[in-house]
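Inspection log for the structure reproduced underneath, given as structure tokens.
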Amino acid sequence: MSNDGIELPEGIALDDPRPIAAAAPYTYELPHPVELAALEPGDGVQAIFREISGGRKYSAERMWVTIEQIADGIASGYLDNEPFDMPSIKHRDPVRIPLTHVISCTYAKGKDRPVVPERRTYWDRCFVDACVVEGRSHADYLYREEPDMTREGDEYPDSGWRIRGTDEAIAEDERLGEKPMYIALGKVLNSDDRWLHLIDREIGCAFQWDADRDDYLELE
């Protein structure tokens, strides 16, 4: 099949990662333009392949493509994975993928990876009401305490941030049986980033949303 530069075996499509990145900007990072510009034959790109014939256990898989040619923003090459659950495509099948659909890059052995501007990440953990993460409330009250939830073996530490929704939304959580979550700061920011400018504030600070000011009021 062919669509906007995409050429794949019949029954296979590509997911466009740009809407995913737009919906989750603090946790879903696409390759930097510098990384895409450095791609050459022999390098690899990863994309999200989807089986559209239906009836599969896993309808989508992230798989690698080895590049044989790049022209006009299209990477042509062959599938360099053995699909797990996709009968419509197999290892070494030829594919053409727009660079806009690339989710990761790898480079041939011996080739230096391009230097890209450092991007801050938000994977440290926080404790937050479900209503904030699910978009049923803004981050209404937040405070930062001494981190006490990091456990041995955790990849990311507790940031100390505790984020509450409105009283009404918290009451709804209780009715729904929704419990507070211990998750990445970025997942909270994906839902409500109006407090991003406070994220580096010190332990012991506390803030309440003030609708009249359209900002947070620092509490004593």
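The values are calculated or read from the model by the stated rules, or taken from the named source; none is laboratory data. As the structure is a computational prediction, the values presented were derived from the model and not from experiment. So basically every Cβ, Gly included, is an ideal-geometry build from the backbone, and we count neighbours across all protein chains shown.
At a glance:
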| quantity | calculated |
| --- | --- |
| Residues of the stretch 184-220 satisfying the condition of being assigned to a strand (DSSP E or B) and free of Cβ contacts under 8 Å to residues at least 40 places away in the same chain | Asp210, Asp215, Leu217, Glu218 |
| Odd one out for Gln69, checked against (1) touching a strand residue (DSSP E or B) at 6+ places or on another chain (Cβ under 9 Å); (2) within 30 Å of Ala171 (Cβ to Cβ); (3) free of Cβ contacts under 8 Å to residues at least 40 places away in the same chain | (2) |
| Top-ranked residue of the stretch 171-183 - restricted to ones that are charged (D, E, K, R) and part of a loop (DSSP other than H, G, I, E, B), ranked as surrounded by the most Cβ atoms within 10 Å (Cβ to Cβ) | Glu178 |
| Filter pass, Gly73 being in contact with a helix residue (DSSP H, G or I) (Cβ under 8 Å, 6 or more places away or on another chain) and either within 23 Å of Tyr28 (Cβ to Cβ) or among the basic types (Lys, Arg) (or both) | yes |
| Gly186 out of contact with any Cys (no Cβ under 8 Å at 6 or more places or on another chain), exposed (fewer than 11 other Cβ atoms within 10 Å of the Cβ) and assigned by TED's automatic domain parsing to the domain that holds His138 | no |
| Index of the failed condition, Val115 passing every other in (1) within 30 Å of Asp193 (Cβ to Cβ); (2) hydrophobic (A, V, I, L, M, F, W, C); (3) surrounded by 15 or more Cβ atoms within 10 Å (Cβ to Cβ) | (3) |
| Selected residue (only one of Glu146, Glu168, Glu155 is over 25 Å from the mean Cα position of the chain (by Cα) and under 25 Å from Thr121 (Cβ atoms)) | Glu146 |
| Per-region count, the stretch 134-146, residues surrounded by fewer than 21 Cβ atoms within 10 Å (Cβ to Cβ) and either touching a helix residue (DSSP H, G or I) at 6+ places or on another chain (Cβ under 8 Å) or within 14 Å of Ile199 (Cα to Cα) (or both) | 7 |
| Output for the stretch 139-155, where each listed residue is over 25 Å from Glu29 (Cβ atoms), part of a loop (DSSP other than H, G, I, E, B) and touching a residue at least 60 places away in the same chain (Cβ under 8 Å) | Asp140 |
| Any chance Gln46 is among the polar types (S, T, N, Q) and under 30 Å from Leu185 (Cα atoms) | yes |
| Check on Gly160, in a loop (DSSP other than H, G, I, E, B) and either modelled with pLDDT of 95 or more or surrounded by fewer than 15 Cβ atoms within 10 Å (Cβ to Cβ) (or both) | no |
